[in-house]
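The values are calculated or read from the model by the stated rules, or taken from the named source; none is laboratory data. Remember, predicted model here, so these are calculated numbers, not experimental data. Note that each Cβ is placed from the backbone with ideal geometry, even for glycine, and that neighbours are counted across all protein chains shown.
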Amino acid sequence: MKNDKTDFYESVYNIVKQIPYGRVTSYGIIAKTLGAAKSARLVGYAMNNVAKYKDIPAHRVVNRNGELTGRHHFSGDLSMAELLENEGLKIKNDKVVNFTAVVWNPLQEF
DNA sequence: ATTATGACACAGA
DNA sequence: GTCTGTGCCATAA
């Protein structure tokens, strides 16, 4: 709900949850969508807390360069790249191939 | 209250 | 095109 300091996180989770299949987005885009374009780092910080939530496809969130920066934070048998490749994406050297082609913008609707 | 850190982004060289 | 430095806001200690 609101009033809670975790409201920022909820907003981030809300965006990430809306990322469609086979699509990825960057922290900066999410931050900008939340109105905190300069708080891209907070988005990443929120993602760390997301590990407790299972419905958050954090593997679809990468940095503006399409690099799987959060891969190290991922825990489990499936690594971030594996999950993305499972969605039809191509991962090369821990980076999303054709990143600009798979970037999804929340403001771009669907 | 202050300092340090962080799954980033941008500007400058 | 790559590398370096700075900013930015929120959380943790």
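Right, A:Asn14: in a loop (DSSP other than H, G, I, E, B), polar (S, T, N, Q) and out of contact with any helix residue (DSSP H, G or I) (no Cβ under 7 Å at 6 or more places or on another chain) or not? It is false that A:Asn14 is in a loop (DSSP other than H, G, I, E, B), polar (S, T, N, Q) and out of contact with any helix residue (DSSP H, G or I) (no Cβ under 7 Å at 6 or more places or on another chain).
Residues in the stretch A:26-82 that are within 12 Å of the chain's Cα centre (by Cα), at pLDDT 90 or above, more than 10 Å from DNA strand C (Cβ to nearest atom) and of a type in the set (Val, Ile, Thr): A:Ile29, A:Ile30, A:Ile56, A:Val61, A:Val62, A:Thr69. Among residues that are within 7 Å of DNA strand B (Cβ to nearest atom) and either touching a helix residue (DSSP H, G or I) at 6+ places or on another chain (Cβ under 6 Å) or at pLDDT below 90 (or both), A:Phe8 is not included.
Residue count for the stretch A:40-54 satisfying the condition of being more than 21 Å from A:Val102 (Cβ to Cβ), more than 6 Å from DNA strand B (Cβ to nearest atom) and either of a type outside the set (Ser, Thr, Tyr) or free of Cβ contacts under 8 Å to residues at least 12 places away in the same chain (or both): 4.
Here is the figure for the stretch A:43-68: residues that are of a type in the set (A, V, I, L, M) and in a loop (DSSP other than H, G, I, E, B) total 3.
Scanning the stretch A:69-97 for residues that are surrounded by 15 or more Cβ atoms within 10 Å (Cβ to Cβ), in a helix (DSSP H, G or I) and touching a helix residue (DSSP H, G or I) at 6+ places or on another chain (Cβ under 7 Å) yields a count of 6.
Does A:Leu107 count as in a helix (DSSP H, G or I), within 16 Å of DNA strand C (Cβ to nearest atom), within 23 Å of A:Tyr9 (Cα to Cα) and touching a helix residue (DSSP H, G or I) at 6+ places or on another chain (Cβ under 8 Å)? The answer is no for A:Leu107.
Residues that are more than 20 Å from A:Lys32 (Cβ to Cβ) and crowded, with 18+ Cβ neighbours inside 10 Å within the stretch A:48-68 comprise A:His59, A:Leu68, listed in sequence order.
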